[in-house]
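Trainee: Take a look at this one; I'll ask things after.
The values are calculated or read from the model by the stated rules, or taken from the named source; none is laboratory data. Since this is a predicted model, take the numbers as computed values, not measurements. Cβ coordinates were reconstructed from backbone atoms using ideal geometry, including for glycine residues, and neighbour counts include every protein chain displayed.
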Amino acid sequence: MSDAVAAADAVDPSADEVGGIDEEIKEDRANAYVEHFVHIVQSTKTLFPTLLDADEHAAIDTYLALPAAAQLVYSRLFQRKGPWFRTTSLSAIADHLHPDPESSVPPLQTALRALETASFIRRCPKDSRVQVEIRRSIQNQARHAGAASGVRHDAAPHRWLLPPLVHTSLTSFDAPDLSSPHRQHRVHDPTSLTLFQIHPRTRDAFYRMHRLMYMTLSLPVQPTLKRATWGDWQRAVCRYEPTAWPGLLVIFGKVAAFPRVTLAAPSRPLFPTLHALMAYECASVLRHATRLIVDGVRLDHLLPSSARGLTADWLDVRPPTLLAFAGAASPSITSSSFSSSQPTKADFCDNVHAFLQSVDNMDSFVGELRACLASSLHLTREDDKQRRVFLEPYDATYALARSMDLVVGVYEKLGEYDKALVLLQELLATSVLGHKRGSWYTRLAINLEMHMKQPTDARAVCDTALSDPRVFPADRMDLLRRHRRLAKTPTTEDKEVVVEGCYPTHTIDGRPLNRAVGEKSRFIGYDDDSVTVEALVLQHYKSQGWHGAHDEGASFRSLLGLLLWDVMFLNDVPDVFQTPFQSRPLDMDMRYSDHFYNARAAAIDAVVMKLRASSALDLCAWIAATWHAHQDQYEIG
């Protein structure tokens, strides 16, 4: 993007007025942003020094050497969308800067000049200011016209008219003269920064540090697209979105504090090498791009009509073009071996973004996904295969397989079932995402039977699935029923084992309301309002003096966390705590339940014995004591 175009985009109100977390949190602690930012960069340098390249080490040192005012301004800009900003939109930040009594320069300008000297920001080129002023004037006129007519100024008709209006203004004799006296009053000092850009590479480096520190948490979901075109997707996929970082929310009291854990040097770190981290980061960008496709891109914009159907070119898996997965980007790259001839982290990220900006349809995107997955599996070293099972989500192969799993559903919606079959077979040929294998077998059997009209092949898939020891029991039962239906004649070997039992039931009569097809059933409640079946049951028991809640197991998960609190935060289980921002050990997951129990078997058995010996009163006292001791800490239920 040229500086002129980028500067013209700066006057878009969404460029610097969107504050992200700035707008969600009241200003009760002016230095909270600096505290959080400094804590993140210092902790990253302490805990993950080998995962930072030379440029990132230099960025940290430069930031920590800045004056306090410059640190405050940058930490606030980091939480805004940008990348272009007007100083007139920073009044809330300027109010918290203390002026220097010995200088006539405003403190905001002093801070901005320090950031410019450190190459953290850069000012708008002078040859772009005419276009900036014209675009601002046109947008103001559109805003006033829209307000008078009741139409939003950012509606589609106004936005697509803006470029030709700018062109007309630039080529007319009425273009504004920035040297005219009535405009000079806006800039009191020709050296002042009135329009500037936060340096994207430096900002992205700090963003990667934040992501690394919060790697084990689920961050807030970013905005998705709605009925977007392929071009909309390409613009959105690389757009910077501010994040409400959990640690910052803790400082502002929006969420509880994280439990204190002892961090020891891990024997199996999240990322064994710098290249492993960058491969994961690039794979995560591809996964985010895939999620945007699934959630918001219109199906008729995904593939051209000429790309329909399975072709030999689509089946051919070429070498990947992304640096992180190409043969030249070997795992030998470390933080101590970077030079001008070797790619940096920023080069890896720019390479991914350039690919996303140039890819022309979903087939090309999926082709690169397949190539990257194959390369990632090939580059996996023998010692990487010995990594702890609960570290699987932090491998590049995991994120790439997740992306492949998502695009299978997209191809099925497009009616491209032959391509979906190929992707499912490639996923089943790997050892990643073991908890998904049952669903992959099921989808493969359904596509073969229902859409490809190959019931014999579908039954063969069920045979293979039933002999796969990695298929979960719940998926195995579904595949067993499907196999029996396809076989037509059930045998004694594949009959389901049905556990007979006599369970008490209580039937509640309700008056149903009319509903549309696919809509959830609703009833007339005891208060004559429309209620769900769950609310109706709760009202029934409440009429008999009972009190309850319908929460899909949340109460039991909370009880599990309270009863096993001390067990979960044991210090002698290796590698389960690797960052200070963890609300639970890394192996506390249904997928890794075997490891979770085996690593704490004696402690868990002791809790179970204590639970069996406790009376109801003792149990309530136990839970209450744990609750009061940890009620101000981040919930884990």
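Trainee: In the range 415-441, which residues are among the polar types (S, T, N, Q) and within 20 Å of H378 (Cβ to Cβ)?
Mentor: Of everything in the range 415-441, those that are among the polar types (S, T, N, Q) and within 20 Å of H378 (Cβ to Cβ) turn out to be Q425, T430, S431.
Trainee: Quick check: anything in the range 471-483 surrounded by 11 or more Cβ atoms within 10 Å (Cβ to Cβ) and at pLDDT below 85?
Mentor: Of all residues in the range 471-483, those surrounded by 11 or more Cβ atoms within 10 Å (Cβ to Cβ) come to 471-472, 475-483.
Now narrow it down to the ones that are at pLDDT below 85: none.
No, every residue in the range 471-483 fails to be surrounded by 11 or more Cβ atoms within 10 Å (Cβ to Cβ) and at pLDDT below 85.
Trainee: Output the number of residues of the range 97-120 satisfying the condition of being in a loop (DSSP other than H, G, I, E, B), within 24 Å of T202 (Cα to Cα) and not aromatic (F, W, Y).
Mentor: 3
Trainee: Can you name the residue in the range 296-324 that is assigned to a helix (DSSP H, G or I) and touching a strand residue (DSSP E or B) at 6+ places or on another chain (Cβ under 9 Å) and is also nearest to W233 (Cα to Cα) among such residues?
Mentor: Ranking the candidates gives G296 first.
Rundown of residues vs (1) under 30 Å from Y417 (Cβ atoms); (2) surrounded by 18 or more Cβ atoms within 10 Å (Cβ to Cβ), yes/no style:
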| position | (1), (2) |
| --- | --- |
| A256 | no, no |
| T262 | no, no |
| P269 | no, yes |
| M278 | no, yes |
| E281 | no, yes |
| P304 | yes, no |
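Trainee: Going through the range 527-564 one residue at a time, which ones are in contact with a helix residue (DSSP H, G or I) (Cβ under 8 Å, 6 or more places away or on another chain) and surrounded by 15 or more Cβ atoms within 10 Å (Cβ to Cβ)?
Mentor: Residues satisfying the conditions are V531, G561, L562, L563, L564.
Trainee: Could you check the range 46-93 and list, in sequence order, the residues that are in contact with a Pro (Cβ under 7 Å, 6 or more places away or on another chain) and either assigned to a helix (DSSP H, G or I) or of a type in the set (F, W, Y) (or both)? Lay out the reasoning, then the answer.
Mentor: First pass over the range 46-93, keeping only residues in contact with a Pro (Cβ under 7 Å, 6 or more places away or on another chain): 69, 79-81, 83.
Matches in the range 46-93: A69 only.
Trainee: Of everything in the range 206-229, what is crowded, with 18+ Cβ neighbours inside 10 Å and farther than 25 Å from F48 by Cα? Give them in sequence order.
Mentor: Once the filter is applied, which keeps residues that are crowded, with 18+ Cβ neighbours inside 10 Å and farther than 25 Å from F48 by Cα, the range 206-229 yields L225, A228.
Trainee: Return the only residue of V410, V432 being among the β-branched types (V, I, T) and touching a residue at least 60 places away in the same chain (Cβ under 8 Å). Outline the logic, then answer.
Mentor: Working: V432 fails: touching a residue at least 60 places away in the same chain (Cβ under 8 Å).
Testing whether each residue is among the β-branched types (V, I, T) and touching a residue at least 60 places away in the same chain (Cβ under 8 Å) leaves just V410.
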